[in-house]
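A.B. asks: Sending over a structure as structure tokens; questions will come in a sec.
The values are calculated or read from the model by the stated rules, or taken from the named source; none is laboratory data. Remember, predicted model here, so these are calculated numbers, not experimental data. Methodologically, a virtual Cβ is constructed for each residue, glycine included, from the backbone with ideal geometry; neighbour enumeration extends over all protein chains shown.
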Amino acid sequence: MDAALPPTGTEVKLRSEGWRLAVLAGLVLALVGAFLLNLALGSVRIPLSDVAAVLTGGEASKASWAYIVLEFRLPKALTAVLAGAALAVSGLQMQTLFRNPLADPYILGINAGASLGVALVVLATGAATGFLSNVGLLGDLSLIAAAIAGAGLVTGLVIVAARWLRHAMTLLILGLMLGYATGAVVSILIYFSVPEQIQAYISWTFGSFGGVTGRQLAILAPVIGGGLLLAGLLTKPLNALLLGEAYARSMGVNVRRVRFWLIAGTSVLAGAVTAFCGPIAFLGVAIPHLCRALLRTSDHRVLAPATMLMGGLAALLADLVAGVPGSRSVLPLNAVTALLGAPVVVWIVLRRDGPRSDFAT
């Protein structure tokens, strides 16, 4: 009896591609399922049949259910998908750009810079009732512009510092210090604010997808959509950057231009989410590593869409847990995302040669 022949390179490649397509399809189905669960579960449980009826223009068993789904749960679920995808892709871009497995907008202080921009705008408008509500269309646009500007400023500082700092841990420490510095400025600004603003700001820092209004979602969606489209266009140069800037230049990549667009894209994505949802932690650092482990590849042509899908899925699940279905209690979103992300970070740190293997082609 002849021994079984080992699979050829073509067979292995086909199996890998088949596995990745299956994973992507599974993520799409899981995302749709989690989206529907977010519409059905909460302080009031709504049957999925009634949710489907409301979404297709029909009538629910109770008139109040249509209002709950369309006016509250649907915008919140859409915001969660957009925010999760944006933060996950931002983390993927930062990890590749800095070749650092622990880089993400939160750890590098980018979210803190966006928070500073938001705080400056809110205090300048003198809004004493609600940190982000009742500020009008001009206020919404000012918030998102200030958040993107603050995120871009910190990202630029980190990029400049990265040219002199060769050690990955030193760069992370610098990002943390920038985060602490901008946080200190925000704390000083809040100290001179009225009590209502202080309480609203503290609640905002917990993170939430439920405070985004329909008007704000109409601004948030195209901004994040543009940032995700830019991320998709940068997959090829990001693959080249996996082996370093020298290799990327040898492949004809304009590293300076790519670095600029990466800064712009990350600032837009992280800044927009922070402006309306608060500084949400751990999704950016955890999701890219989960996708790499699941797909067994560092190819951004596959990782980018998978990261978007898994980021949206993780955000929906975190929001579902934070809402404590069947209860009127709402947990801080950042506490839930930390429960997801912290074990992944610990796994990265403890894993032997993790930083090298994560960024190998």
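A.B. asks: Condition check: surrounded by fewer than 21 Cβ atoms within 10 Å (Cβ to Cβ) and either modelled with pLDDT of 75 or more or among the charged types (D, E, K, R) (or both). Does L141 satisfy that?
C.D. replies: So L141 fits the description; yes.
A.B. asks: Could you list all residues from the stretch 275-284 that are part of a helix (DSSP H, G or I) and within 14 Å of L339 (Cβ to Cβ)?
C.D. replies: Hit for the stretch 275-284 is L283, nothing else.
A.B. asks: Right, something else. Kindly list, by first and then second residue, each pair from a residue in the stretch 63-75 that is part of a helix (DSSP H, G or I) to a residue that is not β-branched (V, I, T), limited to pairs with Cβ atoms under 6 Å and residues at least 6 apart or on different chains.
C.D. replies: Partner pairs satisfying both residue conditions: W65/D50; A66/A60; V69/L39; R73/L39; P75/G214; P75/L217.
A.B. asks: A follow-up question, please. Is one or more of the residues making up the stretch 175-185 surrounded by fewer than 17 Cβ atoms within 10 Å (Cβ to Cβ), at pLDDT 75 or above and not in a helix (DSSP H, G or I)?
C.D. replies: no
A.B. asks: Restricting the first residue to the stretch 93-119 and requiring it to be among the basic types (K, R), which pairs with a second residue that is part of a loop (DSSP other than H, G, I, E, B) meet a Cβ separation below 7 Å and a spacing of at least six or different chains?
C.D. replies: Note: pairs meeting the criteria are R99/F359.
A.B. asks: Can you give me the number of residues within the stretch 186-198 that are outside any helix (DSSP H, G or I) and not polar (S, T, N, Q)?
C.D. replies: The number of residues fulfilling the criteria is 2.
A.B. asks: Can I ask one more? Mind checking whether some residue in the stretch 242-255 is under 19 Å from V273 (Cβ atoms) and at pLDDT 85 or above?
C.D. replies: no
A.B. asks: For the stretch 293-329, give me the residue count where each residue is closer than 15 Å to L92 by Cβ, polar (S, T, N, Q) and over 16 Å from the mean Cα position of the chain (by Cα).
C.D. replies: 2
A.B. asks: Scanning for something modelled with pLDDT under 85, surrounded by 15 or more Cβ atoms within 10 Å (Cβ to Cβ) and either touching a His at 6+ places or on another chain (Cβ under 8 Å) or part of a helix (DSSP H, G or I) (or both), does the stretch 323-340 turn up at least one residue?
C.D. replies: Checked the stretch 323-340: at least one residue is modelled with pLDDT under 85, surrounded by 15 or more Cβ atoms within 10 Å (Cβ to Cβ) and either touching a His at 6+ places or on another chain (Cβ under 8 Å) or part of a helix (DSSP H, G or I) (or both).
A.B. asks: Being under 14 Å from L82 (Cα atoms) and touching a Ser or Thr at 6+ places or on another chain (Cβ under 6 Å) narrows it down to one of A270, A275, A221, so name that one.
C.D. replies: Result: A270 is the single residue among A270, A275, A221 that is under 14 Å from L82 (Cα atoms) and touching a Ser or Thr at 6+ places or on another chain (Cβ under 6 Å).
A.B. asks: Identify, please: which residue in the stretch 269-304 is more than 20 Å from L153 (Cα to Cα) and among the hydroxyl-bearing types (S, T, Y) and is, among those, surrounded by the fewest Cβ atoms within 10 Å (Cβ to Cβ)?
C.D. replies: That would be T297.
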